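Note sheet for the following structure.
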Amino acid sequence: MSTVKTTDNGNPPPLTKKDFESDQDVRWCPGCGDYSILAQVQRVLPELGIKRENYVFVAGIGCSSRFPYYMNTYGFHGIHGRAPAIATGVKCINQDLSVWIATGDGDGLSIGGNHLIHILRRNVDVKILLFNNKIYGLTKGQYSPTSEYGKKTYSTPFGSIDHPFNPISVALGAEGTFVARTIDRDPKHLQEMIRRAARHKGTAFIEIYQNCNIFNDGAFSHLTEKDVKDDNVLYLEHGKPLVFGKNRDKGIKLEGLKPRVVSLKDGYALDDLLVHDETAQEPTLAYILSHLPDHPGFPTPVGVFRCVQRPTYDMEMTEQILNAKKQLGEGDLDALLTGGNTWVIPE
């Protein structure tokens, strides 16, 4: 990271997007959705009132994991799937840092799946950006844990027989306290989700639909193309009924626990529709929303599915250590290693 600039009076100047751009050449394929994600993160971070030297970006392996190289912050390029473990360690002993993870559907949900669910359940105060392009892009197009059933790739020439992960459902199932989804080609919405995640105290998980224009081009075109996206995207707004459609005349009604698409032109009113509550402690409704796209004719929700408060792991760990020191005094590592039962291994 470059040195911190100061003005004539010694105060640092306001940060800008350019302050977060590193001197490294960005080497993603031309047209990749990663460019948009990088640009929106660099636009939002200056607004957050956090010193640039207090940001850390951690990544594993994959196209998304080039992210730390392109951020003019501190960063780690770790090993495959282990970014949550590294980020947990960084945050727990440096609580003044704002720690972010950049990962992908392969890195985060395959080899790193175990680490991901445990950082979510522990609620470490770390922000996770999961780039989901439904393909292994860096290794040239194998199916990933989020590829759809039947996906034909070089590694599945007859079609994948894996049932795919739903990243939002995984995060909700792990009791994530902040769970959201956005799209690379909707920069304003992407920026807002980054702001919301940054403000959340605890693990904030954002699934970002990201187009891989080389190996899985158009995977999300039904959510991004101008002529069809309004009928396929449902924007979640806390406290508001679930309405969508080009003419805002369709909504989601719940019958028991079964969702149903209804038309406001067929006698249904806004009061009949399900009202979104992102603060509900019980995640059942958020889970139902996460599976709406499984049903033909249903829209894909984007926005914040869940935002609840719970003590963070890093804070509780610090408090526990302080309390232990008050009760027992400073520890002695040598005494610990040489105390108790010891034995000598004969030569």
Inset, instruction - State all residues of region 202-230 that are open to solvent by 10 Å² or more (accessible area, probe 1.4 Å), closer than 21 Å to Arg43 by Cα and either modelled with pLDDT under 95 or part of a loop (DSSP other than H, G, I, E, B) (or both); if no residue qualifies, say none. - result: Asn211
Inset, instruction - Residues that are buried (at least 24 other Cβ atoms within 10 Å of the Cβ) and charged (D, E, K, R): find the strands (runs of 3 or more DSSP E) completely inside region 13-120 holding 3 or more of those. - result: none
Legend entry - Condition broken by Gly62, with the remaining ones in (1) at positive phi; (2) without any contact (Cβ under 8 Å) to a residue 60 or more places away in the chain satisfied: (2)
Inset, instruction - Determine whether Gly267 is modelled with pLDDT of 95 or more, of a type in the set (Gly, Ala, Ser) and either surrounded by fewer than 15 Cβ atoms within 10 Å (Cβ to Cβ) or assigned to a strand (DSSP E or B) (or both). - result: no
Legend entry - Residue check, Glu192 under 17 Å from the mean Cα position of the chain (by Cα) and open to solvent by 20 Å² or more (accessible area, probe 1.4 Å): yes
Inset, instruction - Of the numbered conditions (1) of a type in the set (S, T, N, Q); (2) part of a loop (DSSP other than H, G, I, E, B); (3) under 18 Å from the mean Cα position of the chain (by Cα), Thr139 fails exactly one; give the number of that condition. - result: (3)
Legend entry - Filtered residue count, region 144-198, keeping only those that are in a loop (DSSP other than H, G, I, E, B), among the basic types (Lys, Arg) and touching a residue at least 12 places away in the same chain (Cβ under 8 Å): 2
Legend entry - Positions within region 49-96 being among the hydroxyl-bearing types (Ser, Thr, Tyr) and more than 24 Å from Met315 (Cα to Cα), in sequence order: Ser64, Ser65, Tyr69, Tyr70
Legend entry - Residues of region 281-302 satisfying the condition of being in a loop (DSSP other than H, G, I, E, B), in contact (Cβ under 8 Å) with a residue 24 or more places away in the chain and open to solvent by 30 Å² or more (accessible area, probe 1.4 Å): Gln281, His291, His295, Gly297, Phe298
Inset, instruction - Give the residues of region 136-185 that are within 28 Å of His200 (Cβ to Cβ), aliphatic (A, V, I, L, M) and open to solvent by 60 Å² or more (accessible area, probe 1.4 Å), sorted by residue number. - result: none
Legend entry - Qualifying residues in region 270-280 (those that are over 22 Å from Leu120 (Cβ atoms) and open to solvent by less than 50 Å² (accessible area, probe 1.4 Å)) - the one nearest to the chain's Cα centre (by Cα): Leu274
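The values are calculated or read from the model by the stated rules, or taken from the named source; none is laboratory data. Bear in mind the structure is a predicted one, so any value in this text is a computation, not a measurement. Counting neighbours? That spans all protein chains shown, and the Cβs are built from the backbone with ideal geometry, glycine included. Quick note on the areas: whole protein, heavy atoms, side chains included, nothing else; ligands and nucleic acids left out. Shrake-Rupley method; radii C 1.70, N 1.55, O 1.52, S 1.80 Å.
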